[in-house]
Structures are given as C-alpha cells and as structure tokens.
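One structure is given below, encoded as structure tokens.
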Amino acid sequence: MLALVDCQISGISGDMLLSSLIDIGANKKRVIDAVMSCQNFFEGSKITHISFDDVTRSGFHTTTLNIQYDDNVHEKKGVEVYNAISRCCDSLELENKSKAFALASIKTLIEAESNVHGEEFNNVHLHEASSIDTLVDIVGTAVALQDLGLFNVKIYSSRVAVGGGTLTFSHGTITNPGNAILEIFKNRNFTLIGGPVDSELTTPTGASMLVNLANGSIDFYPPLQPIKIGYGAGSKEFVNFPGLLKVVLGKDVQTLQMDTVYVLETNIDDVTGEIIGSIIVSLMEKGANDVNVIPTTKNNRPSNLIRVICNYELLNLILNVLIQKSDTLGVRIQQTSHYTVPRITISIPVSIKGEEFVICVKVVKEKDIIVNAKPEYQDVKNVSMKLNMPFHIALSTIQQIIMNKLSVKQS
C-alpha cells in the first residue's frame, strides 16, 4: 500500500489536505469530535461551526472544510500554539506516530518563521498561523491519517505548485512564494513549480505537513494500482483549473524498492594514484554510497573519471569533499532513481575451525521464503584475517554455513 499527494497544479494547504483525507474515507465524525474537544486548549478561540461539505469545482466533485470561529487573539507565540497542539494530542490519546507528525508539523512551521524573522524559537510570534484553524488542520489531519492507517505506508509527493505574484499580509507585501514557504522547503528534496496563476497556492501549514509526510517530491507517479482517490478543495476558486488537492491510495505493484540518489562526476588528469586513493577514502568516510574511478581521456590525454553516488542529505558535504580533495574546477550532478531488491539484515553465529563469529547477512525473501542470503564483506574479511584463510575460501565456507542454517535452496 502507498499514498501519493498530488499537488503539482493546485498546491497544498492544510484544509485541502484534511478535506482530501475525509473525501477518501476518513471518519468525518471522529475528526470533527477531535478538533471540537481541543478548542479549549486554544485560549481566546471558539469554533462556532465546522463541517465537511460536498461541493463541485470546475465540474469535479470534491470535499471542502467549512469552519467558522470567534477569535479574540490575533497573534500568539509559536510555542503557545505548539503546546496547545501537544496537549490536544495527549487528550485525544493519539498514537505515537500521529502525535509525532502533528508536533513535527507545527515545529517545522515555527522554525521557518523563526529563521525568517531572526528570532528564537520560544520568542517568535505567529500571525496568520496563530488562529485556531491551524490547530484544526494539523490535529484533524493527524486524526484522519491515523484513521486511514496511512502512517504505516509509504507516502509520496508530486512536485509542488506554489503559484506566483505577490502576497500581502501582516508584514506587508512580498513576492510569492513567501519567505516561510521557502524556509520550509529549504534543503529538502522537493521541487517547487511557479504558477499557473498569480496567487498563493501552497500555504505554510500545508507545506509543513507535506514535508513531514514525504521525504521529497517525485516527477512522475510511482508504479501503483489505484484503490481510492480523494479530492480536497480549498477556499479559492480558479477559472482555468480546479483548485483541488488530489490524494491517491494505491497498491504498490513494484517488486523493487525505489529511492532517489545523486550521481556526482568529475574528470581529473593531474593527480597521482595515491591522491586518488585518498579521495576515495575521504568520500567513503563522509558517507558516500559508492565511489568509482574509471580510466578515460580528457583533451586527448589520459585521465580518470571519479563517479560518486550519495543520498540527498549528504549532497553538499560530498560535493565539497570532492572539490577540496581533487582540486577539480567543476562537478556534474544528476538526480536518478535507485532500485534495490527488498532485503533485511540479520546476524548469524557461525563456527569455523573452533572459532566463533557473528556474521551480518543480507537476506532476500519472496512470499516469506528466503531465496538469497549474502554475508557482509567486512565480516568475511575479518574471518579471513583472523584464521589466516584466503578470502575466497572464507567466503565459500561462510556462505555454505548460512545457506544451511537458513535452509536456502541452492541452484
């Protein structure tokens, strides 16, 4: 099972996300009862009406959140909102994953405002995000996600439409996307798309929840068999496209696991083999997934192509190491999909020549039946060195032992 948040045309707001989850089948009464019970934690605010209504936008049936409230306080400290949501989650006895999502979402929003205004986390004030509908969006979404069981599935995000033009709010007029939106997505693996209208399409609350649900955005739908589709409408209506957030629940039809990695390449032609060796060691020590050195040519003379694979989180670090250690003047970078066979790692005790060892083994299963098992290189190397045994003999000996222990049929 997997889920996809499709916000590549109409963006995402808190009420759009919550409404799409209701549309897809989350228990409406449970969500409403939850947020109504939490309003007492939000001092100076009272919900006078809340409902999820069926509406039509550009010919599409959708669900929208209709909320009305009295709010006597027009700004609050971010930490006050955080504490209110925390107490609300405790009173609802939400599951740990649900509460963690809610608190991470509001924390992301507060940290963004803190960075924008240069204030400490505990001192920053929220204006537009200080109203009770922020609590409704975040807590309601946490309850809906828990009700649908979506904290236990992989959640993807499309690229994120942010709109264009300018925004006018408590701090004046600025360009769209606003500073908070850029802070929320900063250093995260999301692609933002401007347009298709001069209007704010993605709000800080929606963005804060999205980055705590998905690890990044993807350009195309992953392989899936659609099961349920939910549409959530926001408060804005547009002429040329429906202002809808689409959430798709589907069956994962791929047998391989996919993630996104980055490939860095540079040619070097003026360093020795010793330096290249030290570059490889430095890159691997910093967390590179793999480093290859490929003999090639550059400007009609021999050179070496250094190719590094790493995850997004380490991209800048690996890039800096590669430049500093090689003195290269340019590095090519491309994002690519990485498919792996699903596997687990287990520890297996083995006895060889009277010595006891614990070997880490990567195990591949099909329908709960082990079809392959591979010992970790470093563990095999340790056995080889301790027993003064050739590596290939140590490998074949260990492989035979673990195959027998795991009852793996060998072809």
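The values are calculated or read from the model by the stated rules, or taken from the named source; none is laboratory data. Computed from a predicted model, the values in this text were never measured in an experiment. Backbone-built Cβ (ideal geometry, glycine too); neighbour counts: all protein chains shown.
Scanning the range 224-238 for residues that are touching a Pro at 6+ places or on another chain (Cβ under 9 Å) and of a type in the set (S, T, Y) returns a single hit, Y231.
Candidates are the residues of the range 362-411 that are charged (D, E, K, R) and not in a helix (DSSP H, G or I); the one that is farthest from R343 (Cα to Cα) is K409. For the range 1-52, taking the residues that are of a type in the set (S, T, N, Q) and surrounded by fewer than 24 Cβ atoms within 10 Å (Cβ to Cβ), the one that is nearest to D198 (Cα to Cα) is identified as Q8. Within the range 211-257, if we keep just the residues that are over 17 Å from L150 (Cβ atoms) and charged (D, E, K, R), the residue that is surrounded by the most Cβ atoms within 10 Å (Cβ to Cβ) turns out to be K236. May I ask you to list the residues in the range 135-164 that are in a helix (DSSP H, G or I) and among the aromatic types (F, W, Y)? The answer is F151, and nothing else. Among strands (runs of 3 or more DSSP E) entirely within the range 241-314, having at least 1 residues that are closer than 30 Å to N152 by Cβ singles out 244-252, 257-268, 301-310.
Under the condition of being without any contact (Cβ under 8 Å) to a residue 40 or more places away in the chain and either within 21 Å of M209 (Cα to Cα) or part of a strand (DSSP E or B) (or both), the residues counted in the range 3-31 number 1.
The C-beta contact set for the range 382-410 (first residue farther than 26 Å from V371 by Cβ, second residue surrounded by 12 or more Cβ atoms within 10 Å (Cβ to Cβ), distance under 6 angstrom, 6+ apart or interchain) comprises S384/F391; S384/A394.
Conditions (1) modelled with pLDDT of 95 or more; (2) more than 26 Å from the chain's Cα centre (by Cα), marked per residue:
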site: F41; (1), (2): no, yes
site: S45; (1), (2): no, yes
site: D54; (1), (2): yes, yes
site: G59; (1), (2): no, yes
site: N72; (1), (2): no, yes
site: F101; (1), (2): yes, no
site: A104; (1), (2): yes, no
site: I110; (1), (2): yes, no
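Within the range 74-96, can one find any residue that is assigned to a helix (DSSP H, G or I) and within 19 Å of the chain's Cα centre (by Cα)? Checking the range 74-96: at least one residue is assigned to a helix (DSSP H, G or I) and within 19 Å of the chain's Cα centre (by Cα).
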